[in-house]
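The values are calculated or read from the model by the stated rules, or taken from the named source; none is laboratory data. Quick caveat: nothing in here was measured; it's all calculated off a predicted structure. When we count neighbours, we look across all protein chains shown, and the Cβ atoms used for this are built from the backbone with ideal geometry, even at glycine. Just so you know, the surface numbers come from the protein's heavy atoms only, side chains and all, with ligands and any DNA or RNA stripped out. Shrake-Rupley method; radii C 1.70, N 1.55, O 1.52, S 1.80 Å.
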Amino acid sequence: MSEPSFELLPGDPASPVLLHVPHSARAIPAEVRAGLLLDDVALERELDHITDAYTAELASLASKLAGTRPWRFVNRLSRLVVDPERFPDAREEMRAVGMGAVYTRTTHREPLRAEDAGQGPLIQRYFEPYARAITEAVSDRLAATGRAVVIDVHSYPSRPLPYELHGEGPRPAVCLGTDAFHTPPALTAAARSAFSPYGKTGLDSPFSGTYVPLAHYGREPRVSALMVEIRRDTYMTEPGGPPGPGLDQLAGALAVLVDAVG
């Protein structure tokens, strides 16, 4: 496979901040593409809806603007290969709509893979190495700085898609996803302040929670985490169009957050 599954981009050795970008890519290896039921036109349309477009560029710009460069962990494959942020078992609520670690349904709840398709090889080939690598990256920040701050960088559509389980709530310009154990009030406050110039900032709607590697989840209080969900119409033409000037503005806000918590 020519396309790497993920990439750890080093930051300042003294920075505890890891920008995690799991859903920005559109690349799908040929052997995975062969198992998808969509034709090429339908697949491109699905990628327009499901991809957190330009979030890798957002994280890259923010890292250059920050006073202390954060570390970045970037998924280089589409979440249609595997979704590294889902639980790979029955704990995952999105399995109810066919969107667990390996999706079997699209954003519009149409068939994506055969329901009886074996998911084990995809979990072993893509999900497990990703999980090990990001666990190591977080552990390295802990060892180097005594703490780790995982900022999960996402985007979401301005209008709910059929797959959303909680799409009826507010859809602010920036949604901050939190965790009772891993998101201290100071982290939330810093994010609210950093993004306040660019529109309304809300909490846990339409998406809640944040990503922490399972080895640290609920166990290691020195790992703090926040999910940043940016509404796509604030920086791009939906569903899969070009970015606008909002991208640079939001990168500046993200850099402010990085420096505030670093």
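Summary of values
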{"read-out": "Estimated 222 nm signal from helices in the chain, with DSSP H stretches of n ≥ 4 weighted -39500 (n - 2.57), rounded to 500", "value": "-8500 deg cm²/dmol"}
{"read-out": "In degrees, nearest ten, helix 246-261 long axis to first principal axis of the chain (Cα)", "value": "50"}
{"read-out": "Potential lengthening between L203 and L142 on full extension [0.36 nm per residue; Cα-Cα distance subtracted]", "value": "19.3 nm"}
{"read-out": "Accessible solvent surface per residue of segment 6-261, calculated while the other protein chains remain in place, 1.4 angstrom probe, Å²", "value": "42"}
{"read-out": "C-alpha long axis of helix 185-195 to longest principal axis of the chain, angle in °", "value": "80"}
{"read-out": "Estimated FRET transfer efficiency when R0 is 41 angstrom, pair L214-Q249 (beta carbons, to 0.05)", "value": "0.75"}
{"read-out": "Net charge dipole size for the chain [Lys, Arg +1 and Asp, Glu -1 on Cβ; Debye, nearest 20]", "value": "540"}
{"read-out": "Antiparallel bridges, percent of DSSP beta bridges restricted to the chain (to nearest 5)", "value": "35"}
{"read-out": "0 to 90° range, to nearest 10: angle between helix 128-145 axis and the chain longest Cα axis", "value": "0"}
{"read-out": "Potential extension, R26-R132 segment - 0.36 nm per residue separation minus Cα distance", "value": "35.9 nm"}
{"read-out": "Solvent-accessible area, 1.4 Å probe, carbon plus sulfur percent, for segment 66-194", "value": "51"}
{"read-out": "Top positive-direction residue, dipole computed over segment 110-262 with Cβ charges, set V256, A114, L165", "value": "V256"}
{"read-out": "Cα-based Rg and Dmax for the chain, where Dmax is the largest Cα-Cα distance (Å)", "value": "17.3, 50"}
